[in-house]
Amino acid sequence: MATLLLPGSSGQPFIQEPGKVIEQGAHLVWERNAVKMPFGRLLLRTSTVNKMFSRNSFIASKPDPSKPNMLRAGLAFGSTAVLWALLFKQHSTDVHEYKTRNGLE
Amino acid sequence: MGLLPDEAKVLPPPGIVNRNSVWFGLCGWATAMLHNSLNRRPALKAGLHRQALFITVGWFIGYHLTKFENYKYATLDRDMSEYIRLHPEEFPDKGNSTWKSSRIPLKTFAEIVEPFHPIR
């Protein structure tokens, strides 16, 4: 029977009954004996290759809020700044166009 | 202006702070806070990059939506004014000028719409 070692535990394995679903925060980890073997056999290289598109339950982990994904946060803030710049530029262009077409400048 | 024709540039552009922008920005902020709540994170303090991005996207969409709305209402007004100009017989003067009021009598709504049969 496979055992499950939860992060932050004292190191003692926590033995579950087969087929029981263990909830870890927002993520579900299927107890190993309940999953049919061919699925695991098909994904032999997922620990190295497919991290972006599928999450193998054997190497999945809870998202850690103390280690933020700096690339993602940087991209988010960067695109925020870009969008605001675009908005202000578009607005000034519109104001200039309006004034030119109505002969106010 | 992607979906606006060139003539829309004659209209005064909306301000940066406009009704649709504020509303969509608030909606984006609510979405980010809901995302936090559903992932069991503190609603206001977590994922600030996400909150900022969603507010900005909402604000941006709201600005362009306001421009589109202004253009649509302006075309409607223009078509309405053009119709009034081409059909003056349907829009008689209220009675300020004696010449017009004597020639073309004002119609009441009762004469234009279908007969009213009250069921009380």
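The values are calculated or read from the model by the stated rules, or taken from the named source; none is laboratory data. What you are looking at is a predicted structure, and each value in this text was computed from that prediction instead of being measured. Don't worry about glycine lacking a Cβ; one is built from the backbone with ideal geometry, like all the others, and counts go over all protein chains shown.
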For residue B:60: the one exception among (1) more than 11 Å from every other protein chain (Cβ to nearest Cβ); (2) within 22 Å of the chain's Cα centre (by Cα): (1)
Flagged in the range A:76-96 as more than 7 Å from chain B (Cβ to nearest Cβ) and either among the polar types (S, T, N, Q) or in contact (Cβ under 8 Å) with a residue 24 or more places away in the chain (or both), in numbering order, are A:90, A:92, A:93
Could you check the range B:1-40 and list, in sequence order, the residues that are hydrophobic (A, V, I, L, M, F, W, C) and assigned to a loop (DSSP other than H, G, I, E, B)? B:1, B:3, B:4, B:11, B:16, B:17
Which numbered condition in (1) surrounded by 17 or more Cβ atoms within 10 Å (Cβ to Cβ); (2) within 17 Å of residue A:83 (Cα to Cα) is the only one that residue B:22 fails? (1)
Take residue B:30 and decide whether it is within 23 Å of residue A:78 (Cα to Cα), among the hydrophobic types (A, V, I, L, M, F, W, C), surrounded by fewer than 16 Cβ atoms within 10 Å (Cβ to Cβ) and modelled with pLDDT of 95 or more. yes
For the structure I just gave you, tell me whether residue B:35 is within 12 Å of chain A (Cβ to nearest Cβ), more than 22 Å from residue A:88 (Cα to Cα) and not hydrophobic (A, V, I, L, M, F, W, C). yes
Matching entry among B:93, B:79, B:6 (being modelled with pLDDT of 95 or more and either more than 14 Å from chain A (Cβ to nearest Cβ) or exposed (fewer than 12 other Cβ atoms within 10 Å of the Cβ) (or both)): B:79
